[in-house]
Each structure stands twice: as structure tokens, then as C-alpha cells.
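Asks: This is the structure, below, for whatever I ask next.
All of the numbers you see were taken from the coordinates with simple rules; none came from a lab. Just so it is clear, the structure is predicted and the values come from calculations on it, not from any experiment. Virtual Cβ from ideal backbone geometry, glycine too; neighbours counted across all protein chains shown.
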Amino acid sequence: DVSDVKQIKEVFKSIYEQFGRIDILINNAGLGYNHAATDVNETDWDEMMNVNLKGLFFCSQQAGKYMIKNGYGRIINISSQASLVAIKDHAVYCASKGGVNMLTKVLALEWADKGITVNGIAPTFTYTPGTAERLDNPDYLGTVLNRIPVGKVATIKDIVSAILYLTSSHSDMVTGTTLVIDGGWTIQ
């Protein structure tokens, strides 16, 4: 449960004790609700912020402490194109992912001289088991594809390829950036 700071601390301590180091953290937990701003209640707000922002921060903090000890680390934060453009009925989600982008920059700045890079990935709609039901609906898919100039949704491979790059030595000079993988959605 990434919204539970006590659990986060215990998990990272256990990993470090077992392996003696933490080299890579991928902050991939996330929630998204589709509610008009006037319909969002405090529980919706808290749940989404606790997972999307609080959990990401405290996982990064705990991994970062151990990475600093070893003088090396790669942190990848999964953001969203919704961090860069407003999406109707997604006020809380957009705000939480905008926060992810800023935390990415701040942590990158704080830890750059300690051998740690911190970057983000902001994907568009991605075909996964969790999105398949919606994206398999031709009407919904058509609406989505009308916004993506390349004419297709992202695949897991698209996201994994970016993660592999950002965790490799090929990206040693890349830190504090959010790589947008959106097929051109945000250029319109």
C-alpha cells in the first residue's frame, strides 16, 4: 500500500537489508477517476493524491536514502499526458500528475550530485489489461484516436523501451525531465 508511509519504510528497509543496495525504482502505482470537479468528494481527492503523489514521494524518499549510500540510482516516475494538458472531468488526476512532474524535477536537482537521476514518463492512453475494456470499445477508441496524430494508442513495449533507456548508462546525462510518449497528443 503506497499510501501507507510505515509500510513503505518497512519494504525499502527489507529490500536493502536483503540485497545491500537499491539501484532502480519505478514509481508506477496510480489511480484515476473520471469525475466532474463539482462531483469530487474528499475521499476521491485523498485516495488519488495518496497513491499518485504521496506514495510516489515517500517511495522515492526511501529508495533515495539507500541510493545515496551507494552513490548511484535511477528513479522513474510514471506521470501522464494529463500532467501537461487539461482533460475534462479529470481535475484531481491532472493535478496529481502535474505534481509528479514537479517532484521529478525537485528530486533530480537534490540528488544529481549524489549519482542519482530522476526522470518521468508521461504516456498517452496505453493498451494494458486495465484499459482493454474501454479501448476495445470502437466508439471510445475512435474518440481517443482523434486526439493522437500518429493514429494509435501506446503499447506496454513503448513504455518499457523508455524505461530501459532511462535506467541505462545511455541516459547518464538525462535527469529532471519527463519524456512524453503520447503520439503527438500534447502538440495540438
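Asks: Examine region 170-182 for a residue that is β-branched (Val, Ile, Thr), free of Cβ contacts under 8 Å to residues at least 24 places away in the same chain and surrounded by fewer than 20 Cβ atoms within 10 Å (Cβ to Cβ), and state whether such a residue exists.
Replies: no
Asks: List the number of the failed condition for Val2; all other conditions in (1) under 28 Å from Val174 (Cβ atoms); (2) in a helix (DSSP H, G or I); (3) in contact (Cβ under 8 Å) with a residue 40 or more places away in the chain hold.
Replies: Unmet condition: (2).
Asks: Got at least one residue in region 21-37 being free of Cβ contacts under 8 Å to residues at least 12 places away in the same chain and either of a type outside the set (Val, Ile, Thr) or not in a helix (DSSP H, G or I) (or both)?
Replies: The first filter runs over region 21-37 and keeps only residues free of Cβ contacts under 8 Å to residues at least 12 places away in the same chain, leaving none.
No, region 21-37 has no match at all.
Asks: Still on this structure, I have one more. Could you list, in sequence order, all residues of region 16-34 that are within 20 Å of Ser79 (Cβ to Cβ) and out of contact with any Lys or Arg (no Cβ under 6 Å at 6 or more places or on another chain)?
Replies: Of region 16-34, the ones within 20 Å of Ser79 (Cβ to Cβ) are 24-34.
Within region 16-34, Leu25, Ile26, Asn27, Asn28, Ala29, Gly30, Leu31, Gly32, Tyr33, Asn34 qualify.
Asks: Could I ask something else about it? Check off (1) over 20 Å from Ile159 (Cβ atoms); (2) in contact with a His (Cβ under 9 Å, 6 or more places away or on another chain) for Gly32 and give me the number that stays unchecked.
Replies: Evaluating Gly32 over (1) over 20 Å from Ile159 (Cβ atoms); (2) in contact with a His (Cβ under 9 Å, 6 or more places away or on another chain) leaves (1) as the failure.
Asks: Next question. How about region 86-100: which of its residues are surrounded by fewer than 19 Cβ atoms within 10 Å (Cβ to Cβ) and within 20 Å of Asn119 (Cβ to Cβ)?
Replies: Once the filter is applied, which keeps residues that are surrounded by fewer than 19 Cβ atoms within 10 Å (Cβ to Cβ) and within 20 Å of Asn119 (Cβ to Cβ), region 86-100 yields Gly98, Gly99.
Asks: Could you list, in sequence order, all residues of region 148-188 that are of a type in the set (Phe, Trp, Tyr) and within 16 Å of Gln81 (Cα to Cα)? Even if it seems obvious, please write down each step before you answer.
Replies: Going residue by residue through region 148-188, those that are of a type in the set (Phe, Trp, Tyr) are 165, 185.
Across region 148-188, the qualifying residue is only Trp185.
Asks: Would you confirm, using the coordinates I've provided, whether Lys88 is over 30 Å from Arg147 (Cβ atoms), without any contact (Cβ under 8 Å) to a residue 60 or more places away in the chain, of a type in the set (D, E, K, R) and out of contact with any His (no Cβ under 6 Å at 6 or more places or on another chain)?
Replies: Numbers: over 30 Å from Arg147 (Cβ atoms): no; without any contact (Cβ under 8 Å) to a residue 60 or more places away in the chain: yes; of a type in the set (D, E, K, R): yes; out of contact with any His (no Cβ under 6 Å at 6 or more places or on another chain): yes.
So Lys88 fails the test.
Asks: Quick one: in region 22-75, which of the residues that are of a type in the set (S, T, N, Q) and crowded, with 16+ Cβ neighbours inside 10 Å is nearest to the chain's Cα centre (by Cα)? Please lay out each step first, then the result.
Replies: The initial filter retains those residues of region 22-75 that are of a type in the set (S, T, N, Q), namely 27-28, 34, 38, 41, 43, 50, 52, 60-62, 70.
Still in the running and crowded, with 16+ Cβ neighbours inside 10 Å: 27, 50, 52, 60, 62.
Working: Asn27: 6, Asn50: 13, Asn52: 8, Ser60: 12, Gln62: 17 Å.
In this case the residue turns out to be Asn27.
Asks: Taking Tyr140 as the residue in question, decide whether it is in contact with a Lys or Arg (Cβ under 7 Å, 6 or more places away or on another chain), over 18 Å from Ala63 (Cβ atoms) and in a helix (DSSP H, G or I).
Replies: On the way: in contact with a Lys or Arg (Cβ under 7 Å, 6 or more places away or on another chain): yes; over 18 Å from Ala63 (Cβ atoms): yes; in a helix (DSSP H, G or I): yes.
Taking the combined requirement at face value, the residue satisfies it.
Asks: Within the bounds of region 76-85, is there any residue that is among the hydrophobic types (A, V, I, L, M, F, W, C), in a helix (DSSP H, G or I) and surrounded by fewer than 20 Cβ atoms within 10 Å (Cβ to Cβ)? Explain how you work it out, then say what you get.
Replies: Looking only at region 76-85, we keep the residues that are among the hydrophobic types (A, V, I, L, M, F, W, C), and these are 76, 78, 82, 84-85.
Checking the rest, the ones that are also in a helix (DSSP H, G or I) come to 82.
After this cut, where a residue has to be surrounded by fewer than 20 Cβ atoms within 10 Å (Cβ to Cβ) as well, the list is none.
No.
Asks: So, one more: Could you grab the pairs with beta carbons closer than 7 Å, sequence gap of 6+ or different chains, first residue in region 40-63 and in a helix (DSSP H, G or I), second one surrounded by fewer than 16 Cβ atoms within 10 Å (Cβ to Cβ)?
Replies: Asp44/Tyr33; Met48/Tyr33; Val51/Ala29; Gly55/Ala29; Gln62/Lys9
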